[in-house]
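Below is one structure, written out as structure tokens; comments come after it.
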Amino acid sequence: MTLPSTIILGGGPGGTGALIWAAQTGFLDAWLDQGIVLIESQPQLGGSLGRYAINSDTLGSAYLECLDGGSAHPFLRQMRSDPVTQEMQHYRDGLPPLSLVGRFMARLGTGLADLLSRHPRCAVLTNTTARSVTVMPDGSVKVKAVGKAGRRRKLQGQSLVMALGAMHAAMPPATLHPNILPSDKILTAAGLCEAVDILRRAQRRRVAILGGSHSAYSVAWALTHLLGEEAVPGLEIVMLSRQEPPVFYSNAAAAAADGYAFLPGDVCPRTGRVNRLGGLRGNGRDVWRQLRRDPASLPIRCQDATELLPDAVQALLADAALVVPAFGYRSRHLPVFDHAGCRIPLQTDMSLPAVDAACRVYRADGTVLPNIFGIGLGTGFRPTEAMGGEPNFTGQANSLWLYQNDIGATVFRGVQQAAHDARHSPMRPSTVPVLGEAMAFS
């Protein structure tokens, strides 16, 4: 039996994105026939969006769209009548709570896991953590993993998709503080409770939010709308950032009507939307607009960091009871080795973009690992012109909709190219151990 086509590390929105794209477009069954092994550290697929206490910054229709197409796979069509899907339908034109989105993604993950588990060429390994990756001389990829009770596994495939989520960018040493809650932690129910506990014990209940990202404004919204004066009397918030955030508008007319100044390069030529990829959305956008219209209505002061000397920044942080860094994310990745056991340095090790325009993982020297792909939050993927987006966009695309559409399609094409190359490579053996045998250490 030939090697499975693809090993996917991670069963969240990134890891399932290409599978959902294939399920929408009629390619999933053929991909399953090639062989897919999906490794997920948690007990189920679907990701961790449900742990956040805030609302989505994306309309419910973006999540439901994968179920709508006429060529959708039967497992997607079956999802249409699911009670959680029906609950999501109420938010098709609104912003669903991420707790509900999490349940929807878990149902989607359960459907995918069932589909893969029932296919003789596929497998889903939950409660299993991948440890390392080795690139073989013939271009195939080996993964070492550890499952339940410490059971070790070794898997080999023609290509690998790394979708291990993201971690917060490191804080500069100068910002160290006794009470630090990163934005992804404070936006959970447990994180908000911890913030309340810290602030209630402080004489001055000031929070310093570092950064001007969407996460920063979401934290400001959560503190003022989910907690507010009742939970934390005397709450003060200082938002310290280097520049004003771009803001999303559905079209140029809406931006102009709101008095928002923008440049032609801020408009997506494909959709006409202003700051389609990089703009503040949802509740974070609501906070920005409220501060712009009526600054006194919220206990928030925005401070331009470029106007402060380092000593003034340190004094501001020292005066805060709680510091919330919101500096963005870096992708999680595994150590990658060559067949001789030498570690291959990667660009992401240097906090540079992890992938190229084809989602191939960059080596540190700027070349790519042709059969290893990265997708998900923090990879640094820059959308191509064909995918749309504002020309002035300089960030990275972090969108479930893109994972299930354009970026998912990019990964799928890369995986298929790897499968094609494997069929025509004289270095590949004609037969290898069957899937079950290839999944365990000898």
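The values are calculated or read from the model by the stated rules, or taken from the named source; none is laboratory data. None of the values given here were measured: they were computed from a predicted structure. Heads up, the Cβs are rebuilt from the backbone with ideal geometry, glycines too, and the neighbour counts pull from every protein chain shown.
Is it true that some residue in region 98-109 is within 21 Å of the chain's Cα centre (by Cα), among the β-branched types (Val, Ile, Thr) and surrounded by fewer than 19 Cβ atoms within 10 Å (Cβ to Cβ)? Checking region 98-109: not a single residue is within 21 Å of the chain's Cα centre (by Cα), among the β-branched types (Val, Ile, Thr) and surrounded by fewer than 19 Cβ atoms within 10 Å (Cβ to Cβ). Scanning region 366-418 for residues that are of a type in the set (Gly, Ala, Ser) and closer than 19 Å to Asp349 by Cα yields Gly366, Gly374, Gly376, Gly378, Gly380, Gly395. Being assigned by TED's automatic domain parsing to the domain that holds Ile180 and part of a loop (DSSP other than H, G, I, E, B) is true of Ala320.
Residues that are small (Gly, Ala, Ser) and in a loop (DSSP other than H, G, I, E, B) within region 392-425 comprise Gly395, Ala397, Ser399, Ser425, listed in sequence order. For Ser41, the conditions (1) small (Gly, Ala, Ser); (2) out of contact with any helix residue (DSSP H, G or I) (no Cβ under 7 Å at 6 or more places or on another chain); (3) surrounded by 18 or more Cβ atoms within 10 Å (Cβ to Cβ); (4) over 25 Å from Lys185 (Cβ atoms) all hold with the exception of (4). From the list Arg285, Arg276, Arg289, the lone residue that is modelled with pLDDT of 95 or more, surrounded by 17 or more Cβ atoms within 10 Å (Cβ to Cβ) and not β-branched (Val, Ile, Thr) is Arg285.
Is region 220-234 home to any residue that is of a type in the set (Phe, Trp, Tyr), in a strand (DSSP E or B), at pLDDT 95 or above and buried (at least 21 other Cβ atoms within 10 Å of the Cβ)? No: zero hits.
When the residues of region 350-391 are narrowed to those that are part of a helix (DSSP H, G or I) and surrounded by fewer than 17 Cβ atoms within 10 Å (Cβ to Cβ), which ends up modelled with the lowest pLDDT? Here the answer is Glu385.
In the set Leu38, Leu64, only one residue is part of a strand (DSSP E or B), farther than 16 Å from Leu377 by Cβ and aliphatic (A, V, I, L, M); that residue is Leu38.
Output the residue which, of all residues in region 295-315 that are hydrophobic (A, V, I, L, M, F, W, C) and touching a strand residue (DSSP E or B) at 6+ places or on another chain (Cβ under 6 Å), is surrounded by the most Cβ atoms within 10 Å (Cβ to Cβ). Here the residue is Ile300. Phe337 fails exactly one of the following numbered conditions: (1) surrounded by fewer than 18 Cβ atoms within 10 Å (Cβ to Cβ); (2) under 26 Å from the mean Cα position of the chain (by Cα); (3) in the same structural domain as Arg201 (by TED's automatic domain parsing). What is the number of that condition? Result: Phe337 fails condition (3) only.
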